[in-house]
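Notes follow once the structure below has been shown.
The values are calculated or read from the model by the stated rules, or taken from the named source; none is laboratory data. This is a predicted model, so every value here is computed, not measured. Cβ atoms come from the backbone with ideal geometry, glycine included; neighbour counts cover every protein chain shown. These area figures cover heavy atoms from the full protein model, side chains too; ligands, DNA and RNA do not enter into them. Shrake-Rupley method; radii C 1.70, N 1.55, O 1.52, S 1.80 Å.
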Amino acid sequence: MLQTKRSYRGMVTAPHHLAAQAGLSVLSDGGNAIEAMIASAAAIAVVYPHMNGLGGDSFWLIGKPGSAPIGIQACGRSARAADRNWYRERGCTAIPGRGPLAALTVAGTVDGWEKAQNLSRRQHGGRLPMSRLLQDAIRYAWEGVPVPQTLHENIKKKRPELQDVPGFADVYLPNGAPLAVGSKLRQPRVADTLARLSQAGLSDFYRGDLARSMAADLERAGSPLRLPDFERYQAALVTPLSLDVAGHKVFNMSPPTQGLASLLILGLYARRIANKADGIDHLHRLVECTKAAFRVRNRHVTDPDYMERAAVDFLT
């Protein structure tokens with residue numbers, strides 16, 4: 001029988017055990033949950049690169065007993081140059097799914113870490129320096145970690161799409177073959193990047209030497225991103241969406257995430273709960289609630305600056 005895990009001094013979960021351990025070690029050193037999450041997020045970008053990375057986005061829900069949760073929306077906006085004409089001039093009728101022309105949004109993850117650390121210090125007694133929070137991620141990147149089955153399979157599956165992307169083959173196709181399960185994945189350039197962030201500060205990713213280096217590399221590769229796109233980027237503090245569901249108040253992120261759809265599914269199903277779990281009626285009701293929520297999502301959810309109706313209107 002499965003037993004619920006319990007802990008009275010903190011608990012960290014992550015898709016990879018090394019990322020969870022990185023967060024747990026921060027808690028053991030007196031860090032708070034936000035600091036542990038930064039450590040876990042940095043580590044997961046190293047040990048689970050087929051699903052997470054420094055080039056992505058992050059979204060945070062931060063709660064404190066007695067206070068309303070705060071959201072951090074750290075998703076990057078598109079390059080100023082990335083309009084229809086820019087792609088048409090390059091022979092595109094749609095934005096490609098891979099390659100330099102697909103790299104059109106600023107990576108928001110790192111500024112999300114900075115906003116989270118600021119909140120940690122102002123409201124939650126955070127005191128650990130960024131060099132400590134990135135310590136395990138840097139070590140994993142320098143020393144290497146074992147390649148899991150999922151990464152090996154992803155390298156094989158995505159090889160036709162990614163093998164010509166600058167830098168991919170050097171790391172993931174040594175000697176022309178996908179990294180084997182159990183072999184060591186080393187990422188010295190990621191280690192250098194994280195070390196630079198720990199020393200110069202996270203803002204270097206957007207307004208420092210690191211930003212200038214990345215912007216130059218992206219321009220040479222053919223991406224529409226330029227240095228001013230990095231320099232003007234800021235993650236935003238937002239008010240999360242909320243909904244009362246079966247006697248509980250549930251929170252999720254606002255658009256452009258899937259948070260509205262998730263709350264709609266829960267709210268609709270709470271009004272149509274099946275008498276028995278795991279049966280046909282139960283699944284049918286969930287499917288219909290999901291379809292109804294996705295109709296709203298597909299029609300209305302986009303960049304919040306361009307939404308014609310506020311997301312909260314759909315939660316009444």
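Take each peptide in 205-215, 177-187, 127-137, count the other Cβ atoms within 10 Å of every residue, and average; sorted highest first, the result is 127-137, 205-215, 177-187. Note on Thr302 and Ile273: the extension gain reaches 7.5 nm, defined as 0.36 nm multiplied by sequence separation minus the Cα-Cα distance. Think of it as helices only: each DSSP H run of n ≥ 4 in the chain is worth -39500 (n - 2.57), and spread over all residues that comes to -14000 deg cm²/dmol at 222 nm. Set against the 2.2 N^0.38 Å expectation for a compact globular protein, the chain has a Cα radius of gyration ratio of 1.09. The fraction of accessible area contributed by carbon and sulfur in the stretch 204-316 is 52 percent, rounded to a whole number (1.4 Å probe; ligands and nucleic acids excluded).
Note on the stretch 240-314: with charges restricted to the Cβ of Lys and Arg (+1) and Asp and Glu (-1), its dipole about the Cα centre is near 260 debye. Where the alpha-carbon atoms of the stretch 158-253 are placed on the principal axes, they occupy 58, 37, 29 Å, in descending order. In order along the stretch 206-212, phi translates into HN-Hα couplings of 10, 9, x, 4, 5, 4, 5 Hz, rounded to whole numbers, per the Karplus curve 6.51 cos²θ - 1.76 cosθ + 1.60 with θ = phi - 60° and x for Gly and Pro. Taken over the stretch 127-202, the convex hull of the Cα atoms encloses 105 Å³ per residue. Counting Lys and Arg as +1 and Asp and Glu as -1 over every other residue whose Cβ lies under 15 Å from the Cβ of Asp57, the net charge comes to -2. Report the paramagnetic label zone for His284: residues of the stretch 259-274 whose backbone N is under 19 Å from a point 7 Å from Cα along the Cα-to-Cβ axis. Flagged as within label range: 268-274. For the residue pairs Lys5/Lys158; Lys157/Lys184; Lys5/Lys276; Lys5/Lys291, the C-alpha atoms sit more than 29 angstrom apart in Lys5/Lys158; Lys5/Lys291. Going by the alpha-carbon gyration tensor, a ≥ b ≥ c the square roots of its eigenvalues, is the stretch 57-150 rounded (a/c under 1.5) or, if a/c is not under 1.5, prolate (a/b greater than b/c) versus oblate? Here the stretch 57-150 falls in the oblate category. With point charges of +1 on the Cβ of Lys and Arg and -1 on the Cβ of Asp and Glu, referenced to the Cα centre of the chain, which listed residue (His50, Pro129, Met253) lies farthest in the positive direction of the dipole? Selected residue: Met253. The residues of the chain expose, per residue, 57 Å² of accessible area to a 1.4 Å probe.
Of interest is the spacing of the C-alpha centroids, which for the stretch 19-48 and the stretch 235-310 amounts to 29 Å. Set against the 2.2 N^0.38 Å expectation for a compact globular protein, the stretch 240-314 has a Cα radius of gyration ratio of 1.15.
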